[in-house]
Amino acid sequence: MPSTLSKRIATDPAYERTRENMAEFERAGKAGKLLTDSMRILANNARDSRLTSRMAKEMSKVIKTDALNGRGLRTVTDGNLGLLQGFEFNNDARLTTVFFAPYTVAIDRAAGTLNIAIAAFEPKTMINAPSGTTHFSVTAAASEVNFGGNVHTGAHAATAELVYGDQTEAAIALNNAVTANSTQPLFLALGVRFYQQVNGKFYPLNSGKFNALAIVKVDLPAAAPPPADGN
């Protein structure tokens with residue numbers, strides 16, 4: 001049975017602010033989980049122990065930028081989801097401290113493509129790899145997220161295992177596709193995985209603890225035009 005305090009929080013006008021905060025906190029947690037789930041194939045291998053709480057905290061910041069709805073009713077959809085650009089899935093191995101090769105990002109909403117192009121680079125110069133690394137792969141995750149409908153579409157791409165050496169690695173293209181002409185927010189993440197090769201097999205280094213993944217681009221749908229006067 002609910003406690004007396006629980007009943008008061010649910011009904012007492014004195015707890016109105018508490019109810020509003022709880023509603024938005026719950027909404028932030030669900031939005032964070034949805035975004036993480038949309039990139040789960042890569043996020044499962046590049047995350048720290050506090051990812052869930054850190055993502056919820058960032059989603060709370062997004063909700064607080066919603067200028068359309070009142071307290072307790074604010075949403076991430078009506079907030080500034082662009083604040084998530086730069087979010088690191090693994091604070092123990094941040095992309096900004098791991099990967100230094102130059103790259104460009106291209107999102108074509110009409111075509112539904114989210115691409116990353118990485119120029120030719122020397123791995124040992126441009127990647128800060130942990131001790132024991134023999135190989136690495138560069139990854140990308142793309143997602144289209146309908147926060148209001150609680151659904152998502154995701155895609156991912158990755159290179160083969162590449163030698164971590166002083167050779168010049170050829171340019172890399174990581175291409176992903178979601179729904180063409182989507183009206184939902186689009187997210188693109190870039191990551192690096194590290195491996196150790198033993199007897200011809202590739203093993204994730206320290207169970208993926210040193211893998212990096214970060215959101216490098218958020219593309220928001222254009223705002224709907226206001227209705228014509230008199231209609």
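The values are calculated or read from the model by the stated rules, or taken from the named source; none is laboratory data. Just so it is clear, the model here is predicted, and its values are computed rather than measured. Neighbour counts are summed over all protein chains in view; Cβ atoms, including those assigned to glycine, are modelled from backbone coordinates with ideal geometry. What goes into the accessible areas is simple: the full protein's heavy atoms, side chains included, and nothing from ligands, DNA or RNA. Shrake-Rupley method; radii C 1.70, N 1.55, O 1.52, S 1.80 Å.
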Pair list, Cβ under 6 Å, 6 or more apart: the range 155-174 residue farther than 20 Å from G112 by Cα, other residue open to solvent by 60 Å² or more (accessible area, probe 1.4 Å) and in a strand (DSSP E or B) | E161/F202
Taking N80 as meeting all but one of (1) under 11 Å from the mean Cα position of the chain (by Cα); (2) open to solvent by 30 Å² or more (accessible area, probe 1.4 Å); (3) under 14 Å from K217 (Cα atoms), write down the number of the exception.
-> (1)
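Could you grab me the full set of residues in the range 163-185 that are open to solvent by less than 30 Å² (accessible area, probe 1.4 Å) and either under 19 Å from Y103 (Cα atoms) or outside any loop (DSSP other than H, G, I, E, B) (or both)?
First, pick out the residues of the range 163-185 that are open to solvent by less than 30 Å² (accessible area, probe 1.4 Å): 165, 172, 174, 176, 178, 182, 185.
Residues satisfying the conditions are I172, L174, N176.
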Mind checking whether some residue in the range 201-223 is hydroxyl-bearing (S, T, Y), open to solvent by 60 Å² or more (accessible area, probe 1.4 Å) and touching a residue at least 12 places away in the same chain (Cβ under 8 Å)?
-> no
Is it the case that V98 is surrounded by 15 or more Cβ atoms within 10 Å (Cβ to Cβ), over 30 Å from V163 (Cα atoms) and at pLDDT 95 or above?
-> no
Name every residue in the range 125-157 that is out of contact with any helix residue (DSSP H, G or I) (no Cβ under 7 Å at 6 or more places or on another chain) and under 30 Å from A28 (Cβ atoms), in order of residue number.
-> A140, A142, E144, N146, G148, G149, V151, T153, A155, A157
From (1) open to solvent by 60 Å² or more (accessible area, probe 1.4 Å); (2) modelled with pLDDT of 95 or more, pick out the condition that doesn't hold for L35.
-> (1)
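Yes or no: T125 open to solvent by 30 Å² or more (accessible area, probe 1.4 Å), among the β-branched types (V, I, T) and not in a strand (DSSP E or B)?
On the way: open to solvent by 30 Å² or more (accessible area, probe 1.4 Å): yes; among the β-branched types (V, I, T): yes; not in a strand (DSSP E or B): yes.
Yes, satisfied.
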Note on G79: of the conditions (1) assigned to a loop (DSSP other than H, G, I, E, B); (2) at pLDDT below 95; (3) over 25 Å from A140 (Cβ atoms), unmet is (2)
Consider only pairs whose beta carbons are under 8 Å apart and that are at least six residues apart or on different chains; among these, list those whose first residue lies in the range 57-68 and is among the hydroxyl-bearing types (S, T, Y) and modelled with pLDDT of 95 or more and whose second residue is surrounded by fewer than 18 Cβ atoms within 10 Å (Cβ to Cβ) and in a loop (DSSP other than H, G, I, E, B).
-> T65/N80
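Is it the case that A67 is more than 17 Å from P185 (Cα to Cα), touching a helix residue (DSSP H, G or I) at 6+ places or on another chain (Cβ under 6 Å) and of a type in the set (G, A, S)? Reasoning before the result, please.
On the way: more than 17 Å from P185 (Cα to Cα): yes; touching a helix residue (DSSP H, G or I) at 6+ places or on another chain (Cβ under 6 Å): no; of a type in the set (G, A, S): yes.
No, not satisfied.
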